[in-house]
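The values are calculated or read from the model by the stated rules, or taken from the named source; none is laboratory data. It should be emphasised that the depicted structure is a prediction, and the values quoted were computed from it without experimental measurement. Backbone-built Cβ (ideal geometry, glycine too); neighbour counts: all protein chains shown.
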Amino acid sequence: MASSMLWASRAASYLRISVFHRGFSTVLKDLKYADSHEWVKVEGDSATIGITDHAQDHLGDVVYVELPEVGAAVKQGESFGAVESVKATSDVNSPVSGKVVEVNDELSGSPAKVNSSPYEDGWIIKVEMKDAGELKNLMDSEEYSKFCEEEDSKH
């Protein structure tokens, strides 16, 4: 009997810890981040773009993703689409300039992928970058984590 009580209290304290840590969003190391909460994964001159875990967490359940056309031009810091949740509609800005070469059509039927897998299945567009130098204007994972903590502490 005593051992099962011990297990239960251990499980409870473990759950408390993991629930507490959920306040901190996942930030991936090898990505760059914009202060408008988009991420970009760069491979050569190709950039995959989505919204961060922090952004989807604040938006709540995503119900619709407005995607641009393939071939559309995007500019760093400018809106190319929107993510609509039960709470709000939020513009999605491009962290880099270039041309849209692919859009994630899966999101039309399953917009919730932005919530469940913001860095994997929930990517939004792929862009052929015009100027890799623009990446210097973005934050790395540590800077972005700090930025989110500061922003959250203001609310």
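Any chance you could count how many residues in the stretch 53-68 are assigned to a loop (DSSP other than H, G, I, E, B) and either without any contact (Cβ under 8 Å) to a residue 24 or more places away in the chain or buried (at least 16 other Cβ atoms within 10 Å of the Cβ) (or both)?
2
Could we say that Asp35 is farther than 17 Å from Ala88 by Cα and of a type in the set (Asp, Glu) here?
Yes.
Can you name the number of the only condition in (1) buried (at least 16 other Cβ atoms within 10 Å of the Cβ); (2) within 23 Å of Ser25 (Cβ to Cβ); (3) out of contact with any helix residue (DSSP H, G or I) (no Cβ under 8 Å at 6 or more places or on another chain) that Tyr119 fails?
Going through the list (1) buried (at least 16 other Cβ atoms within 10 Å of the Cβ); (2) within 23 Å of Ser25 (Cβ to Cβ); (3) out of contact with any helix residue (DSSP H, G or I) (no Cβ under 8 Å at 6 or more places or on another chain), Tyr119 breaks only (3).
Rundown of residues vs (1) among the hydrophobic types (A, V, I, L, M, F, W, C); (2) touching a residue at least 12 places away in the same chain (Cβ under 8 Å), yes/no style:
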site	(1), (2)
Ser46	no, yes
Ile51	yes, yes
Val83	yes, yes
Asp91	no, yes
Glu102	no, yes
Ser110	no, no
Lys126	no, yes
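Return yes when Ser90 is farther than 14 Å from Lys41 by Cβ and either of a type in the set (Gly, Ala, Ser) or modelled with pLDDT under 95 (or both) and no when it is not.
yes
From (1) polar (S, T, N, Q); (2) outside any loop (DSSP other than H, G, I, E, B); (3) at pLDDT 95 or above, pick out the condition that doesn't hold for Ser36.
The single condition Ser36 does not satisfy is (2).
Looking at (1) among the small types (Gly, Ala, Ser); (2) crowded, with 16+ Cβ neighbours inside 10 Å; (3) assigned to a loop (DSSP other than H, G, I, E, B), find the lone condition where Gly71 falls short.
That leaves (2) as the condition not met.
Could you list, ordered by first residue, the pairs with Cβ atoms under 8 Å in which the first is in the stretch 131-155 and more than 13 Å from Asp35 (Cα to Cα) and the second is surrounded by 13 or more Cβ atoms within 10 Å (Cβ to Cβ) and polar (S, T, N, Q), at least 6 apart or interchain?
Pairs that qualify, where the first residue is more than 13 Å from Asp35 (Cα to Cα) and the partner is surrounded by 13 or more Cβ atoms within 10 Å (Cβ to Cβ) and polar (S, T, N, Q), are Asp131/Ser97; Glu134/Gln76; Glu134/Ser97.
Mind checking which residues of the stretch 114-154 are modelled with pLDDT under 95 and of a type in the set (A, V, I, L, M)?
Correct list: Ala132 only.
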